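Some notes on the structure that comes next.
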Amino acid sequence: DEGNATYGGSSTTGDLDFYELAVETLVEAAFEQSRSVGVSFPSDRSSKTNYRGCLYALHAAGGNWRRATQAMDLYGIVSLASVSDENGDEEVVEPSVRTPQNMAQSQKQVMSDISLSALASAHAIRLVENPNHRFIVGGEVGPYPVPPCFRDECSNPNDKSADTKRKNNKRNRGSDLIFASPTVVNSQDGCDSDRLSRLLTERSLMNRAVKMMVMHTLYLDPMSPDSILTLIQSSDLEAIDTSARLGYYQHGVTLAHCKRLRQQGARRGGRDFVADALGYMLSKYLSVVAIQSTRPQPDNAPPLEEIASVIGGEDLENSQSSKLFSRPTTFQLGQMLMSSNISPFTFINESWRTLGLCESARKGQAAMALLQYYTTKYSNADNSLAIEIAGRLLDLDEGRAELPLWLQDLLIGNDSNDGKNVSGLFANNKVKSSETSLPFADPVALVRLYMKRGLYVSACDVITSTLLGTSDRRKKAASSRLPEKGSIDYVPYNTIDILWNLIEEQINGTNINSEQENGLLVAREGMQKALETHFELMQLSEKGMHSARILKSC
């Protein structure tokens, strides 16, 4: 009787709802298929109906996007269950069928299904009209919440009654797989299958989609872990480390942004998570590649023991370790530079370089350009990213090479257009020009970094350039500078006194030759003249300030 049949769950008589009947049938078929098939090989997929996809199509055709999101979440849960079945029941599949090629194809398809589930869920939930309804509970496929009597009792996971309730509840099948799956259960509290822990908001679904995109990329890489469970179970920090180790720095930055969104601005130890993760990736991986690839002298490159510890290989002669040493490839660096809107640079082949050295130098220049991009973009007053990168580069070169000019200008506060810094001297906050706006500078930190590593000549040069960088403009405006208008300069006199005493101690020492002594004396003399010029300008400013006060009082 058509009068007693309803569609879409809006029943007036309550006799029969064909829509819910179709949903129940598809869900039942999807779970039976996942339990009976176990491992799905490429030859099996063409002859089997994708009931999970049919369930999503049914909800999407009716415009019920919230339940469509639940269907795609179920899609991923079933795929995770197939991974567990594959690892645990190898005797289910005949040995003649379980070939390495079929297994690789099956694993690849499962990873694609999990990524598809995460991406489609994040897309479908955004189509829900009411923003307050953009959430789901993982594992629930019904239109209504699970009744309290059938909800999971997680206080004791070994409780037989709770296990019986979970198995008898058809609407909560997904949570049964979640409860049994090692990929989701939190080992810290022993159970993670209660409804609150399975709540997925729009932001949670978006973060999961981003992470699964990264995991899918890493899985397709030939040097990534072969096990899907290893990737899925990896924490955010482990995923970031794997991405950077394989040369996918953009993916690591993306994961760091998602982690910061989940933390809702919280800073552990006062450090921003993105800057912290980026400093780790750049210091441990990209800086090593940039320095090692651009140095033609073998004795000026990092030792092999350090390289082996960085890439995670114990023996560089091992094929896997040698491949990791080649990451990131020149192609990867080029792709990241293009996606960052960095104009390609022109590499000039020096005649004295061999073909291998030219290729290595080209890779090093690309790595240095990417290092400059990330350091310049993410350095600000809230983090110490730039000074961390500077310290790492100095350590890799053992103080035998100068810092890149872009990094010196960034820390000193020089404008890339005119080479001059702003007023405030060592307290300048931000360099601004008509076209560019560089991040916050910290000349004092650079001076202390040089002093800590015994590079006293470089420390004197930083002080001299900072004090004399704006001398012409300061001379013109010396008589009209007023503190209430922001004309305040900061000079770290205590740090300069310590530097002066350290130079004096080294000159009086025995382990110094005449050339080094002359270099220290010339650098210190230049710093002394810069200080004298600074004191003269301060006297002019004092006289101008007194004159302004007298004129104002009159």
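The values are calculated or read from the model by the stated rules, or taken from the named source; none is laboratory data. Since we're looking at a predicted model, the values are computed, not measured. Using ideal geometry, Cβ is built from the backbone for each residue, glycine included, and neighbour counts are taken over all protein chains shown. These accessible areas exclude ligands, DNA and RNA; they are computed on the full protein's heavy atoms, side chains included. Shrake-Rupley method; radii C 1.70, N 1.55, O 1.52, S 1.80 Å.
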Can you give the FRET efficiency for GLN516 and ALA266, using 1/(1 + (r/R0)^6), R0 = 60 Å, r = Cβ-Cβ distance, to the nearest 0.05?
-> 0.75
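Can you give the FRET efficiency to the nearest 0.05 for ASN494 and GLU238, using r as the Cβ-Cβ distance and R₀ = 35 Å? Please report the intermediate quantities before stating the final value.
Working: r = 43 Å, r/R0 = 1.23.
Efficiency, from the Cβ-Cβ distance: 0.25.
Determine the order of LEU405, LEU521, LEU282, LEU26 by accessible area, beginning with the largest, at a probe radius of 1.4 Å. All intermediate terms of the calculation are to be shown ahead of the outcome.
On the way: LEU405 130, LEU521 65, LEU282 0, LEU26 35 Å².
Accessible-area ranking of LEU405, LEU521, LEU282, LEU26, largest first: LEU405, LEU521, LEU26, LEU282.
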Using only the Cα atoms of the range 492-541, build the gyration tensor, take square roots of its eigenvalues as a ≥ b ≥ c, and label the shape rounded, prolate or oblate: rounded if a/c is under 1.5, else prolate if a/b is larger than b/c, else oblate.
-> oblate
ASN132 paired with LYS529, simple spin-label distance in nm, labels 7 Å along Cα-to-beta-carbon | 7.4
Go through LYS211/LYS452; LYS211/LYS377; LYS284/LYS452; LYS48/LYS259 and tell me which ones have a Cα-Cα distance over 31 Å in this structure.
-> LYS211/LYS452; LYS48/LYS259
